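Inspection log for the structure reproduced underneath, given as C-alpha cells.
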Amino acid sequence: MTPLRRFAALFMLPVFLAGCGQSMSDQPRYDTYSKASSFENDSSAQLPPEGTVPQSAAAYAEAAKNPPEVSMALVERGHQRFDIFCAPCHGLDGYGDGMIVQRGFPKPPSFHSARLRDAPASHFFDVMTKGYGVMYSYAARVPPADRWAIVVYIRALQLSQDASPEMAKAAGVKLP
C-alpha cells in the first residue's frame, strides 16, 4: 500500500467511526403528549397537514361501501390488478388453474361456476378484504378502489366466458 493510500485510509477511519455512536434513541424527539415549545399550541400532538389523505379504517370502510362508477378505465385497471394479485392462483381466465395451483397448492373455485356467477359483487370484495378458506386477506395489499376494479374485471371475465348468442345479438354483435 502506498503512503498516500495509507494516509487516506487513516484519515477516513475516524470519519466512518464517528457515525457508529448514534442510534435512533439518541435523536431529539418529543414524547407523546409532551410540551413542545416549537409549536404555537405548545403540544407535541399535532393535526395532520391540510390535504393529507387518511389511511384509517374509517376511510377504508367508506371506500368499501361506495363502489366506483363502471368505466372502461376501471375494467382496464381491474385487469391489471387481477393479473398481479389474482391470476397466480385463479388463472388468467378465472378457472382456478393458475401457476400456483400447477405447483401443488389447493385449487380455488372457478369464477365461472353457477354459485359465483350468481354471487353479489360485494361477495368478491369481501373475500378480497377478509380472506376465505385458504385465501388470506388482501386488505393490506390492495386498496379498496383496486378491489372494486378487480370485482368489475371478474364480472367482465364471467360475461366473456359465459355469454350466450342471445346476449351477443342484444349487444349488437353480428353472428355468422
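Bear in mind that the values in this text are calculations on the coordinates, not laboratory data. Please read these numbers as outputs of a predicted model, since none were measured by experiment. No Cβ is skipped: glycine too gets one built from the backbone with ideal geometry, and neighbour counts run over all protein chains shown.
Taken over segment 29-127, the percentage of Cα pairs per 10 Å bin, counting from 0 up to the bin with the maximum distance, is 12, 26, 24, 13, 15, 10, 1. Both radii were evaluated on the Cα set of segment 86-126; the Rg over Rh quotient, with Rh as the Kirkwood radius, amounts to 1.01.
Rg and Dmax, both from the Cα atoms of segment 76-158 and both in Å, are 11.6, 31. Per-residue 3J(HN,Hα) values for segment 121-138, derived from phi via the Karplus relation 6.51 cos²θ - 1.76 cosθ + 1.60 with θ = phi - 60°, read 4, 5, 4, 5, 4, 5, 5, 5, 6, 9, x, 6, x, 8, 7, 7, 5, 9 Hz in sequence order (x marks Gly and Pro). When only Cα pairs below 8 angstrom with a gap of at least 6 residues are kept, segment 64-106 shows a relative contact order of 21 percent. Using R0 = 22 Å, the C-beta based FRET efficiency linking Ala59 and Tyr136 works out to 0.50. Packing-based ranking of 40-50, 119-129 yields 119-129, 40-50, ordered from highest to lowest mean Cβ neighbour count within 10 Å. For Ser43, the residues whose modelled amide H falls within less than 5 Å of its own, excluding neighbours fewer than 5 places apart on the same chain, are Ala36. Whole-Hz Karplus values for segment 101-115 come out as 5, 5, 8, x, 6, x, 7, x, x, 6, 5, 9, 6, 4, 4 Hz, taken residue by residue from phi with 6.51 cos²θ - 1.76 cosθ + 1.60 and θ = phi - 60°; glycine and proline positions read x.
Dividing the mean sequence gap of close Cα pairs (under 8 Å, 6+ apart) by how many residues segment 62-170 holds gives a relative contact order of 33 percent. The alpha carbon radius of gyration of the chain, expressed as a multiple of 2.2 N^0.38 Å, is 1.74.
Close amide H partners of Met135, meaning residues 5 or more places away or on another chain with modelled amide H under 5 Å apart, do not exist here.
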